[in-house]
1. Can you say whether Gly69 is at pLDDT below 70, of a type outside the set (D, E, K, R) and assigned by the TED database to the domain that holds Ala15, as far as the supplied structure shows?
2. Within the stretch 13-20, can one find any residue that is at pLDDT below 90, of a type in the set (Asp, Glu) and part of a helix (DSSP H, G or I)?
3. Return the pairs, sorted by first residue and then second, in which the second residue is surrounded by fewer than 12 Cβ atoms within 10 Å (Cβ to Cβ) and at pLDDT below 95, the first residue lies in the stretch 21-45 and is among the β-branched types (Val, Ile, Thr), the beta carbons are less than 6 Å apart, and the residues are 6+ apart or on different chains.
Amino acid sequence: QSGNSFHVFDQGQFAKEVLPKYFKHSNMASFVRQLNMYGFRKVVHIEQGGLVKPEKDDTEFQHPYFIRGQEHLLENIKRKVTSVSNIKNEDIKIRQDNVTKLLTDIQVMKGKQENMDSKLLAMK
């Protein structure tokens, strides 16, 4: 009613009839996962307590840029991406150290293998 959310009143019917028209699936959980990726959140009403399932099959979703009559805001609804900047510099340094150690170990093993090959050849 306020124009800042949308309702799915019958999830079963929505999944069966609406989702296949716009998605490659008819899975309500996948649809909700997609909504979450784009920043939509399920609205939980205080009278429902958040833990009690509502008696009617009515699920409401909202997003700060999803507002009736404000179509220009829709361009701000973007998929969340995980950025590489979330990786700490210390983690990168540790990983580089691990790679360096692995390369050194491989060089040592390669040297030992060549040494064993030459000894084996001499024994033949």
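The values are calculated or read from the model by the stated rules, or taken from the named source; none is laboratory data. Every value quoted in this text rests on a predicted model; they were computed, and no experiment measured them. Here the Cβ positions follow ideal geometry from the backbone for every residue, glycine too, while neighbour counts run over all protein chains shown.
1. No; evaluated as a whole, the condition is false for this residue.
2. Scanning the stretch 13-20, I find no residue that is at pLDDT below 90, of a type in the set (Asp, Glu) and part of a helix (DSSP H, G or I), so the answer is no.
3. These pairs meet every condition: Val44/Gly50.
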